Amino acid sequence: MSGDRAVVGQNLRKVDGVKLVTGRPAFTDDIHLPGMLIGKILPSPHAHARIKRIDTGKARALPGVHAVLTYKDVPRVPHTTAGQAWPEPSPYDTYLLDNKVRFVGDRVAAVAAETRAIAEKALRLIEVEYEVLPAVLEIEQAMASGVAVIHDEPDSTKIFDREHNIAGYILREIGNVEEGFRASDLIFEREFRTGRQQHCPLEPHVAIAWLDADQRLVIRTSTQVPYHARRQVAMILQIPVSRVHVIKPRIGGGFGGKQEMLLEDITGALALATKRPVKIEFTREEEFYMARSRHPQILRMKMGVKRDGTIVASQLTVLATTGAYGSHSTTVQGNTGSKVLPLYRAEHMRFECHVVYTNTPVAGAFRGYGCPQGFFAQETLVDEIAEELGRDPVEFRRQNMIRLGDIDKLSAQLGEGKEGLPRHIRSCGLPECLDRAAAAVDWDGKRNAAGGPAHLKRGVGMAATMQGSGIAGVDWASAFLKMNEDGSFFLQVGAADVGAGADTVLAQIAAETLGVSLDKVVITSGDTDITPFDVGAYASSTTIISGGAVRKAAEKVRAHVLDMAAKMLDAPVDKLECGDNQVYTICECRKAVSMAELAMHAMYKEKTQIMDGASHFNTDSPPPFCVTFAEVEVDTETGKVRVLHLVTAVDPGTAINPMQAEGQVEGAVAQGLGYALIEELLLDGQGRPRNASFLDYKIFSAKDMPRLTTILVETDEPLGPFGAKSISEVPINGPAPAIANAIYHAVGIRLRKLPIRPEDVLRELREKLPTL
Amino acid sequence: MFDLVEAFHRPSSIREALRLLHAGGRRARIVAGGTDVVVRADPEIRSLVDITRLGLTYIKRSGGAWAIGATTTMAQIEHSAALRALAGGILVEAAKGCGSVQLRNMATLGGNLANASPAADTAAPLLVLDAQVVVAGERSRRTLALADFFLKPGETALGKALLVEILIPAPPRGARTAWSFQKLGRTESDISVVNAAAGLQVDGKGVCKWCRIALGAVAPVPLRARAAEALVTGRKLDGSLVEQAAAEAAREASPITDIRATAEYRREMCRVLVKRALAECAARAGCSL
Ligand SMILES: Cc1cc2nc3c(=O)[nH]c(=O)nc-3n(C[C@H](O)[C@H](O)[C@H](O)COP(=O)(O)OP(=O)(O)OC[C@H]3O[C@@H](n4cnc5c(N)ncnc54)[C@H](O)[C@@H]3O)c2cc1C
């Protein structure tokens, strides 16, 4: 698609790459302000308790301590930490500090002191008397009558059924599944379980807050949502939005964990209390259990098919836990239905979900946003159905999958916590993804040749998945551009580059539209004082939504440039073209003016700043499509599963920067592999984390990665800038089901619980082959 | 992490190191590569005594025997061409499997042993090699068998002394001698869930004349599987003997359940790894099972 494009579609270097690899002070924690204090949060040692008495006298008296805050010292404003567009669909069930704690790690108090050592000592000096309450740790117990009510406070709102610990409930149906099952020849129903994965960003959550010379509260923070954070902090601290300035510097990975106002409020409160700059940075241990994680789910998936392979009805029933607070509770779980079921064109679909509170670490947004759980269930069940029908899994999917021109009606019922909008499929590279990925893994050859030496069995498996590109009718963004004397442009966007390369992609879109090289676009992003609004980096929205705003703003500016050139070249606008950093005529008499000459003329002769801005949103969320093929080797004596080759083919629409797009795929599958095989935050019987360190919680490192093949199948999406959709989330969904299916192909056992641990593989093998 | 540490010493002689260690009492700690000490960050520690400048970094060979200085790093062992010739390279294999490149550049052999983790990867191969450790106290030096060195998790027979050298007596050699090291971790750079090492020598008829089997992470200390060794020694090596010995080794283990694996899984993996180690040895010694 990029044949005649100079910038879009080119593998250009990340605009912020050099400063990152040379270690320039680019991240939140890279500054040190004079007089800066260190903040620490006292985490609850109990999963569920009421604070009967809290005495901060000794802590306050410790030399070097500047503030100790408890619930007595701060405003009580129910809110959600989820960084979502207003009005947030998540329950308002969280307080800056409260007299009740609801999970091990919940905030009890906060301290600001001269050094970390003093702050830690002060935490130990805070005397707390708890009334320990019975804790609800098991997801299946949460709704039972007689168990403790986690949110018994009267002032929280938007909780579905607090008496039964139900944060949210979803029920949507199209057609009539019962009728569908009656009309089916075969019905399959299975239960699946998924684990609590943590984002493990290289940079943990960190925020630095201070009062500027005008006494405005400035918060430099590691966030994906600077604008939401500003709005939330203003509400929680009860100060006007205009008195808050949020700065998002370079971010060391968010993966959804930073779509959350997590430290900004408390850091801001400490800065206001001390009138000194305050920094709070999570330790790795704190990041594991005090930040967010992926919602664990128990999924029941039921599908009815005709003998000819037509899927007639599909039904997914989910019990999920959001942990102690309802951040992203209904929206993540909504996706488990709305983005998963419509992949296959069943006439009847039903999705039901209870999202329950438990006294466990809080779940939140996480790359994939509910889809990894749903696709694990659906794609392993579909594999089983194909097997049962004697069909090749690829062909079975091909028969049933969504295609160009389809309208997904389930999305219309399941929006961001409310009614959504129907989803029209205007671009679809799924068939080509299947063809190319199957060829890359040698599907036909390997499906017929499973095996290997005695205890090492090989197999191949696959999964198909999709996602969205922005939240239809909700996500919106804006961009502003102005021209400089040298013919360069300043691009200001509220979009939040979290390391995924948004700044580069957005600058490429601007440069392409304006006909200038990438170095002529200087981008500033994610600063609420300087850049216009953007919802932030989530829902795979930045390229399509923020990029859409940039495209519009750049088109407006391009029109101003052409108007100016028309005067200078004495040629009609429709005979002018931008390119190669100049404006030229497209008629015979080839005349041209460089962007630099044009800018000088505009500024000093015409006394005009060439500038403009635009806002953008979509009423539809075009899905990127993805297929994942895995070749595995199962050690039948140890139960270890080694992935030998992982092939991912993605349809992202147009890849604005193919090299970056591939990088996003590779990063996503690294997390997807961990989710499939090793990653899980474990709790003990008291709700305390058991493996809150990288020594105990393992992720896929470079040495663990299998051979990767990444294929971009480009399509042209009418709703996206230059045809782009999205890419960063969708590839995380496939590894778990593809691996589970490959294990089945290798050794004939179905694993329905994530992560797939060697012990589970071994147990299943024993059950199947008792002689082993 | 070490906010309360008041002194970091870098002595240049063993005597000086020991003096500082004694002067610091309970709150002084030896640090070599620091990959265990720093990670644990024991808040009791007030002074650290760095022993990496004591001249204890070396790999020496005399005849068939070897002496390795306590502060020799895993990376130096991993890249030692000479050591690769020792016992089929099992010590090199074990060192290679420790953590990551960065870790192996810091981590020392002495630290791996003195740390007394039951999972220490170099312990099993060294037990199989009948290694001894040389321990320097303020007044005297003594040499003890590695098998007697480990007391319980985190505890050795060292006391307030310095582990200075690891001695490896000349192991059995010849075409019918073979060795194997096996490690099972959750990822490529993980502490062992279970590790195992074996060495054996057979005669021309395939009868086992000498056998050593050691296991890691399955008991309070790295373990010699003596009953399994006894079972194999003096008998003709075949598939069923290997199975029996592996099962015996699993019985000798007393594993625990922790974050990495359950006790039952560990016990089962003892069997699998010992079986694999013996089978690999047998194959290398030219026996067909
Ligand atoms: C990420 C990570 C991965 C790891 N992976 C592995 C692995 O795969 N396999 C494995 O076996 N280990 C592993 N370890 C543990 C560790 O790296 C090893 O045990 C290492 O060999 C320790 O050596 P060191 O020199 O760093 O010891 P240090 O941390 O310096 O010391 C360890 C202990 O021994 C004492 N000590 C050190 N030297 C002496 C001496 N000469 N005399 C007396 N006492 C002494 C110290 O006081 C301390 O108590 C890993 C550690 C980390 C952090």
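The values are calculated or read from the model by the stated rules, or taken from the named source; none is laboratory data. These figures come from a predicted structure and were not determined experimentally. Glycine gets a Cβ as well: all are built from the backbone with ideal geometry, and neighbour counts include every protein chain shown. These accessible areas exclude ligands, DNA and RNA; they are computed on the full protein's heavy atoms, side chains included. Shrake-Rupley method; radii C 1.70, N 1.55, O 1.52, S 1.80 Å.
Please find, among A:Glu714, A:Glu679, the residue that is part of a loop (DSSP other than H, G, I, E, B) and either farther than 26 Å from A:Met466 by Cβ or in contact with a Lys or Arg (Cβ under 8 Å, 6 or more places away or on another chain) (or both). Reasoning before the result, please.
Values: A:Glu714 fails: either farther than 26 Å from A:Met466 by Cβ or in contact with a Lys or Arg (Cβ under 8 Å, 6 or more places away or on another chain) (or both).
After applying the criteria, what remains is A:Glu679.
Note down all Cβ pairs under 8 Å where the first residue falls in the stretch B:93-118 and is away from every other protein chain (no Cβ under 14 Å) and over 22 Å from B:Pro255 (Cβ atoms), the second is within 6 Å of the ligand (Cβ to nearest atom) and in a strand (DSSP E or B), and they're at least six residues apart or on different chains.
B:Gly110/B:Leu163; B:Ala114/B:Ile30; B:Ala114/B:Leu163
If you go through the stretch B:41-63 one residue at a time, do you hit one that is without any contact (Cβ under 8 Å) to a residue 40 or more places away in the chain, buried (at least 17 other Cβ atoms within 10 Å of the Cβ) and either touching a His at 6+ places or on another chain (Cβ under 6 Å) or acidic (Asp, Glu) (or both)?
Taking every residue of the stretch B:41-63 in turn, none turns out to be without any contact (Cβ under 8 Å) to a residue 40 or more places away in the chain, buried (at least 17 other Cβ atoms within 10 Å of the Cβ) and either touching a His at 6+ places or on another chain (Cβ under 6 Å) or acidic (Asp, Glu) (or both).
Test each condition in (1) open to solvent by 30 Å² or more (accessible area, probe 1.4 Å); (2) at negative phi for A:Ile150 and report the one that comes out false.
(1)
Just name the residue that is farthest from the ligand (Cβ to nearest atom) out of those in the stretch B:15-44 that are within 14 Å of chain A (Cβ to nearest Cβ) and outside any helix (DSSP H, G or I).
Residue satisfying both the conditions and the ranking: B:Pro43.
So, in the stretch B:221-266, exactly how many residues are crowded, with 20+ Cβ neighbours inside 10 Å and within 12 Å of chain A (Cβ to nearest Cβ)?
Of the residues in the stretch B:221-266, 5 are crowded, with 20+ Cβ neighbours inside 10 Å and within 12 Å of chain A (Cβ to nearest Cβ).
Just the residues that are open to solvent by 10 Å² or more (accessible area, probe 1.4 Å) and within 17 Å of the chain's Cα centre (by Cα), please, taken from the stretch A:295-330. Give the derivation first.
From the stretch A:295-330, those open to solvent by 10 Å² or more (accessible area, probe 1.4 Å) are A:296, A:298, A:300, A:302, A:306-308, A:310, A:312, A:315, A:317, A:319, A:325, A:330; that's our starting set.
Within the stretch A:295-330, A:Pro296, A:Thr330 meet the criteria.
For the stretch A:602-620, check the following and say yes or no: at least one residue is within 30 Å of A:Ile402 (Cα to Cα), crowded, with 21+ Cβ neighbours inside 10 Å and among the hydroxyl-bearing types (Ser, Thr, Tyr).
no
For residues that are polar (S, T, N, Q) and more than 11 Å from the ligand (Cβ to nearest atom), tally how many sit in the stretch B:70-92. Even if it seems obvious, please write down each step before you answer.
Residues of the stretch B:70-92 that are polar (S, T, N, Q), as a first pass: B:71-73, B:76, B:80.
Filter again for more than 11 Å from the ligand (Cβ to nearest atom), leaving B:76, B:80.
Adding up the residues that qualify gives 2.
Under 7 Å between Cβ atoms, at least 6 apart or on separate chains: pull out the pairs that start in the stretch B:158-170 with a residue that is closer than 13 Å to B:Leu83 by Cα and end on any residue that is of a type in the set (Phe, Trp, Tyr) and part of a strand (DSSP E or B).
Every condition considered, the pairs that remain are B:Ile168/B:Trp66.
Within the stretch A:700-718, track down each residue that is polar (S, T, N, Q) and away from chain B (no Cβ under 14 Å).
Hits for the stretch A:700-718 are A:Thr709, A:Thr710, A:Thr715.
Return a yes/no flag: does the stretch A:677-699 have any residue that is closer than 25 Å to B:Gly99 by Cβ, small (Gly, Ala, Ser) and either more than 24 Å from the chain's Cα centre (by Cα) or within 13 Å of chain B (Cβ to nearest Cβ) (or both).
Checking the stretch A:677-699: at least one residue is closer than 25 Å to B:Gly99 by Cβ, small (Gly, Ala, Ser) and either more than 24 Å from the chain's Cα centre (by Cα) or within 13 Å of chain B (Cβ to nearest Cβ) (or both).
With the requirement that a residue be small (Gly, Ala, Ser), at pLDDT 95 or above and assigned to a strand (DSSP E or B), what does the stretch B:59-106 give you?
B:Ala65, B:Ala67, B:Gly69
Going through the stretch A:96-126 one residue at a time, which ones are assigned to a helix (DSSP H, G or I) and within 14 Å of chain B (Cβ to nearest Cβ)? Before the answer, list the steps.
The first filter runs over the stretch A:96-126 and keeps only residues assigned to a helix (DSSP H, G or I), leaving A:116-125.
Listed by number, the residues that qualify are A:Arg116, A:Ala117, A:Ile118, A:Ala119, A:Glu120, A:Lys121, A:Ala122, A:Leu123, A:Arg124.
Just to verify a result, which residue in the stretch A:471-498, among those that are at pLDDT below 95 and among the small types (Gly, Ala, Ser), is surrounded by the most Cβ atoms within 10 Å (Cβ to Cβ)?
A:Ala472
In this structure, is A:Asp503 charged (D, E, K, R), outside any helix (DSSP H, G or I) and touching a residue at least 40 places away in the same chain (Cβ under 8 Å)? Quick ask: steps written out before the conclusion?
Values: charged (D, E, K, R): yes; outside any helix (DSSP H, G or I): no; touching a residue at least 40 places away in the same chain (Cβ under 8 Å): yes.
Considered against the rule, which asks whether it is charged (D, E, K, R), outside any helix (DSSP H, G or I) and touching a residue at least 40 places away in the same chain (Cβ under 8 Å), A:Asp503 comes out as no.
List, please: which pairs have Cβ atoms under 8 Å, are six or more places apart or on different chains, and start with a residue in the stretch B:183-195 that is outside the structural domain of B:Ile256 (by TED's automatic domain parsing) and end with one that is more than 10 Å from the ligand (Cβ to nearest atom) and open to solvent by less than 50 Å² (accessible area, probe 1.4 Å)?
Qualifying pairs under 8 Å: none.
Taking interchain pairs and intrachain pairs at least six residues apart, which have beta carbon atoms under 8 angstrom, with the first residue in the stretch A:755-770 and farther than 17 Å from A:Gly195 by Cβ and the second of a type in the set (Ser, Thr, Tyr) and assigned to a loop (DSSP other than H, G, I, E, B)?
A:Leu762/A:Thr638; A:Leu765/A:Thr636
Please go through the stretch A:506-532 and give me each residue that is among the charged types (D, E, K, R) and assigned to a helix (DSSP H, G or I), ordered by number. Reasoning before the result, please.
Taking the stretch A:506-532 and keeping what is among the charged types (D, E, K, R), we get A:512, A:519-520, A:527, A:529.
Passing the criteria: A:Glu512, A:Asp519, A:Lys520.
Each row is one residue, and each column tells you yes or no for (1) in a loop (DSSP other than H, G, I, E, B); (2) of a type in the set (Phe, Trp, Tyr).
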| site | (1), (2) |
| --- | --- |
| A:Phe694 | yes, yes |
| A:Leu719 | yes, no |
| A:Pro731 | no, no |
| A:Asn741 | no, no |
| A:His745 | no, no |
| A:Ile756 | yes, no |
| A:Glu759 | no, no |
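With respect to the numbered conditions (1) modelled with pLDDT under 95; (2) in contact with a Pro (Cβ under 8 Å, 6 or more places away or on another chain), which one is the sole condition not fulfilled by A:Asp106?
So A:Asp106 meets the others, but not (1).
So which residues in the stretch A:650-674 are open to solvent by less than 10 Å² (accessible area, probe 1.4 Å) and within 14 Å of chain B (Cβ to nearest Cβ)?
Residues satisfying the conditions are A:Leu673, A:Gly674.
Could you tell me which numbered condition A:Gly309 fails, if it satisfies all but one of (1) in a strand (DSSP E or B); (2) outside the structural domain of A:Pro91 (by TED's automatic domain parsing); (3) out of contact with any Cys (no Cβ under 7 Å at 6 or more places or on another chain)?
Answer for A:Gly309: the failing condition is (1).
Hey, among the residues in the stretch A:637-649 that are among the aliphatic types (A, V, I, L, M) and open to solvent by 20 Å² or more (accessible area, probe 1.4 Å), which one's farthest from the other protein chains (Cβ to nearest Cβ)? Spell out how you get there, then give the answer.
Filtering the stretch A:637-649 down to residues among the aliphatic types (A, V, I, L, M) leaves A:641, A:643-644, A:646-647, A:649.
Applying the additional criterion that residues be open to solvent by 20 Å² or more (accessible area, probe 1.4 Å) yields A:641, A:644.
Values: A:Val641: 11, A:Leu644: 14 Å.
So, considering only residues that are among the aliphatic types (A, V, I, L, M) and open to solvent by 20 Å² or more (accessible area, probe 1.4 Å), the one farthest from the other protein chains (Cβ to nearest Cβ) is A:Leu644.
Among the numbered criteria (1) open to solvent by less than 10 Å² (accessible area, probe 1.4 Å); (2) aliphatic (A, V, I, L, M); (3) away from the ligand (no atom under 13 Å from the Cβ), which single criterion is violated by B:Ala95?
Here B:Ala95 meets the rest and fails (3).
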